[in-house]
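All remarks here apply to the structure that follows.
The values are calculated or read from the model by the stated rules, or taken from the named source; none is laboratory data. Treat the numbers as computed from the prediction; the structure is a model and nothing was measured. All Cβ positions, glycine included, derive from the backbone under ideal geometry; neighbour counts span all protein chains shown. When the accessible area is computed, the model is the full protein with side chains, heavy atoms only, and any ligands, DNA or RNA have been set aside. Shrake-Rupley method; radii C 1.70, N 1.55, O 1.52, S 1.80 Å.
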Amino acid sequence: MTTDDDALARAAGHGDRDAFAALLARHYDRLFAFAMRLTGARAEAEDLTQDICLALPSKLKSFRGEARFTTWLYRVAVNASHDRRRRAATHAKAADGWGDWEIARRAGDAETRDAVGWLECAMARLKPDLRDTAVLILAEELTQAEAASVLGLSEGTVAWRMSEVKKALRALAEEDQ
């Protein structure tokens, strides 16, 4: 005795694996051929058919039998195809945006490299006592009190040196322009 598609679909929707297997055996080739016509490419059709088959068990839970099973299955396939196209368009758009982001990132990296290169050259031109103080405060991120302790100076002297560093760097920047 052959069970009709609607009965198999309802049984599969309630977890009957044999009913699900019977539905796939009956309709897989038709579903794949339909997916092939929707996508126009074998690899895409294979992926779409696989996506549909993976989603079908949960979708069958909502099968109400208002239309023939094949009509319902075509609707599921069309929706899955639309979803794949939307995802592909979103990924393509994101990839384009990623490319723009990467270009901007590289430009930013180049600017940072230039700035760091200039700063390294400028620091080399500072007097050694100013350079030592600047390195401790700016590069090592020590507080003025910590730098004073390392250098064996008062905090006031460290503050004065940092003021001199700023003046010297401004002057070097103006020279280099």
Revision key, fill the gap. In region 42-73, anything at pLDDT 90 or above and either over 25 Å from D6 (Cβ atoms) or hydroxyl-bearing (S, T, Y) (or both) is listed as R42, A43, E44, A45, E46, D47, T49, S58
Practice item. Have a look at L73, L54 and point out the one that is part of a helix (DSSP H, G or I), under 36 Å from the mean Cα position of the chain (by Cα) and either of a type in the set (D, E, K, R) or surrounded by fewer than 12 Cβ atoms within 10 Å (Cβ to Cβ) (or both). Key: L54
Point to revise | Matching residues, region 116-134, being of a type outside the set (F, W, Y), open to solvent by 60 Å² or more (accessible area, probe 1.4 Å) and within 37 Å of the chain's Cα centre (by Cα) | key: V116, L119, E120
Point to revise | Among the candidates A88, A122, residue that is under 15 Å from L169 (Cα atoms) and either touching a strand residue (DSSP E or B) at 6+ places or on another chain (Cβ under 6 Å) or small (G, A, S) (or both) | key: A122
Point to revise | Filter pass, E66 being touching a residue at least 12 places away in the same chain (Cβ under 8 Å), surrounded by fewer than 17 Cβ atoms within 10 Å (Cβ to Cβ) and either acidic (D, E) or not in a helix (DSSP H, G or I) (or both) | key: no
Exercise for review: Show the residue pairs that are 6+ apart or on different chains and have beta-carbon atoms under 6 Å apart, the first residue being within region 134-157 and over 21 Å from L119 (Cβ atoms), the second being surrounded by fewer than 15 Cβ atoms within 10 Å (Cβ to Cβ) and of a type in the set (A, V, I, L, M, F, W, C).
Suggested key: E155/A145
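Please tell me if E102 is acidic (D, E) and open to solvent by 60 Å² or more (accessible area, probe 1.4 Å).
Criteria not met by E102.
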Check your understanding: Under the condition of being of a type outside the set (G, A, S), under 40 Å from the mean Cα position of the chain (by Cα) and assigned to a helix (DSSP H, G or I), which residue from region 1-17 is nearest to K61 (Cα to Cα)?
Key -> R10
